[in-house]
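K.L.:
The structure's right below; bear with me while I get my questions together.
Just so it is clear, none of the values below were taken in a lab; they were calculated from the coordinates. Since the structure is predicted, the reported quantities are computational estimates derived from the model, not experimental observations. Using ideal geometry, Cβ is built from the backbone for each residue, glycine included, and neighbour counts are taken over all protein chains shown.
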Amino acid sequence: MAQVGIIMGSQSDFHIMEEAIEILKEFNIEIEVDIVSAHRTPEKMMSYGAEAHKRGLKVIIAGAGGAAHLPGMIASLTPLPVIGVPIKSSNSIDGWDSVLSILQMPGGVPVATVALNGAKNAGILAAQIIGSFDEKIQEQMISFKENLKEKVIQSSQNLKK
């Protein structure tokens, strides 16, 4: 059963959101992936947000560009944590419209927001949330962080050679 839902506003967002998919697969976390447009399929968005926790999801990652209403609207509909990925799209104002649309949420409707096109970090954050109650995932996260440290140490040593 999927624990993380990954949704995006359009097919054109997939090349960015694929990084979240890949990192969650590395952690062997079951996911579901769908296109859910806040503006073009509002009924689907409302159903997705209202039903996600009933399907067993624990976290939702929502990516959107332009006006980027999807993460905030999903957060308004679900009791689950939502991680927003602002996407620099073809109709974007250099990505700032997306960043601010996701970042500037009203009190009571939080969206954890990662960097512009930061789907990989969204996936890592989702894994950390799952790891807070799943010991196996937490152990994998500890190894992941240790590996990051080792890569930096190795890069430093290589630089000094």
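K.L.:
Determine, for Leu159, Leu148, Leu125, the number of other Cβ atoms within 10 Å of each Cβ, and report the residues in order from fewest to most. Can you show the working numbers first?
P.N.:
Numbers: Leu159 7, Leu148 10, Leu125 19.
Lowest count first: Leu159, Leu148, Leu125.
K.L.:
What residues have an amide H closer than 5 Å to that of Ile6, excluding those fewer than 5 places away on the same chain, when H is modeled at 1.01 Å from N in the peptide plane?
P.N.:
Glu32, Val33, Asp34, Ile61
K.L.:
So what's the gap between the Cα centers of segment 118-161 and segment 79-112, to the nearest angstrom?
P.N.:
After rounding, the separation between the Cα centres reads 24 Å.
K.L.:
Further question on the same structure: Lysine pairs in the chain with Cα distance under 18 Å, only those 8 or more apart or on different chains: how many are there?
P.N.:
For the chain, the number of qualifying lysine pairs is 15.
K.L.:
At 222 nm, what value in deg cm²/dmol follows for the chain if DSSP H runs of at least 4 each add -39500 (n - 2.57) and the sum is divided by all its residues, to the nearest 500?
P.N.:
Dividing the helical sum by the residues of the chain leaves -15500 deg cm²/dmol.
K.L.:
Hey, of [x] 0.98; [y] 1.09; [z] 1.02, which did the structure itself give for Rg/Rh (Cα atoms, Kirkwood Rh) when calculated?
P.N.:
[z]
K.L.:
Rounded to a whole number of µm²/s, how large is the Stokes-Einstein D of segment 75-161 at 37 °C and 0.692 mPa s, given Rh as the Kirkwood radius over C-alpha pairs? Spell out each step's value before the answer.
P.N.:
Working: Rh = 15.3 Å.
It comes out at roughly 214 µm²/s.
K.L.:
Sticking with this structure for a sec: Between helix 119-131 and the chain, what is the angle of the helix's C-alpha long axis to the longest principal axis, kept within 0 to 90° and rounded to the nearest 10?
P.N.:
80
K.L.:
So what is the relative contact order for the chain, in percent, with contacts set as C-alpha pairs under 8 Å and at least six apart?
P.N.:
Relative contact order of the chain: 22 percent.
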